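Structure first, commentary second.
The values are calculated or read from the model by the stated rules, or taken from the named source; none is laboratory data. Worth saying up front: this structure is predicted, and the values here are computed from it rather than measured. Note that we place each Cβ from the backbone using ideal geometry, even for glycine, and neighbour counts take in every protein chain shown.
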Amino acid sequence: MTTTLHPPRPHVPRTELVVPALAVLVAALAPLAVIGRLPDPVAIHWGVDGRPDGSGPLLLDAVLIVVATALVALLPLWAAARADRRGARLMVAIGHAMAGLFVLLRLRTLQLNLDAPSWQEAGALTLGDLGLLVLVALPLGVLGWWLGGRHPEHVRVAPPAAVPPLPPDGRLVWVGRQAWGVGRALGPALVVAGGSLSGVRVLPDALLIGGVLGVSGLLVWALTSITVAVGPPGLRVRFGPLGWPRIAVAVADVEHVEVEDVEPLAYGGWGYRAMPGVRAVVIRRGPGLRVTRRGRPDLIVTVDDAATAAGVLAAHVAAHRDGAGTGEGPQ
């Protein structure tokens, strides 16, 4: 039987959930409160002249707005749970500001559709409206900044790698996941922003700009998270929700394993970095796994609970050298 270890999962404080959760709730209930006064389809698309020039089914519009509000309001909180105080403040502020912006936009578009005989006769949405909504949402961003200050300041100390004993069958597997908080929140936000811009069209060339934002968001979202697995075969690093691209290090190619306190700027920033003598997968600053490979550059991977990962890999390396490695690794 395989023994699998996981690092502890982050926790989102309840006080940070109040405003985003209320925003999602209002976005869901607001259309129901005035459903008898709305045309179907409703206006969901406004041109550069401020007049509606596109429509959609009332139910589809309601569902999409709720999903978009949930994404931009709640994902930053998930990212903040993994960040230090400085990063947490930024993420919680973004979540609160976007929650306010999207719920206010929901209310404004409902108001423009209210009592209109058809979607073509809905009211005008202007850049001035959007600017006013941003100004109104700013105090919520300030509130989020204050709430994020309650997160503890992470002390960046690389713990020693403790080599655990292998079970009798040798099937000890460690699995960890790491995400760049800003990227995980920014990616979906860019996709939502691109889709909203393409749909509302309050700017010239909105379709092109929205498409670029959407594709950029997908790339950011896919390449700023990793899954790291350590087992009898060695080390596996998979990127994004699809697990591609991937990096594999066979246990026979590992010369030494240690924990290193990683500063992203020392490797040229975040992401996959290639430098003389080293390859680095830097998702965040702090403890990371450093693997010295036989005949190849060292590999550095930042992941939560890197000390346990290093210890499990070191145990499999020692077992392989002693001829005692058995079992199968992670797939």
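Observations on the model:
- Scope segment 300-317; condition more than 11 Å from P164 (Cβ to Cβ) and more than 25 Å from the chain's Cα centre (by Cα); matching residues: V317
- Put simply, of V155, V182 the only residue that is under 23 Å from the mean Cα position of the chain (by Cα), modelled with pLDDT under 75 and surrounded by fewer than 13 Cβ atoms within 10 Å (Cβ to Cβ) is V155.
- Cβ-Cβ under 7 Å pairs, at least 6 apart or on other chains, segment 263-285 side over 13 Å from T302 (Cα atoms), far side in a strand (DSSP E or B): G268/M275; G277/D298; V278/D298; V278/I300
- The single condition among (1) surrounded by fewer than 24 Cβ atoms within 10 Å (Cβ to Cβ); (2) in a helix (DSSP H, G or I); (3) of a type outside the set (S, T, Y) that P117 does not satisfy is (2).
- Residues satisfying the stated conditions in segment 233-277, i.e. among the charged types (D, E, K, R) and assigned to a strand (DSSP E or B): R236, R238, R246, E255, E258, E260, D261, R273
- Residue count, segment 86-104 (criterion: surrounded by fewer than 24 Cβ atoms within 10 Å (Cβ to Cβ) and at pLDDT 90 or above): 3
- Entry remark, segment 292-320: residues being assigned to a strand (DSSP E or B) and crowded, with 24+ Cβ neighbours inside 10 Å number 2 in total.
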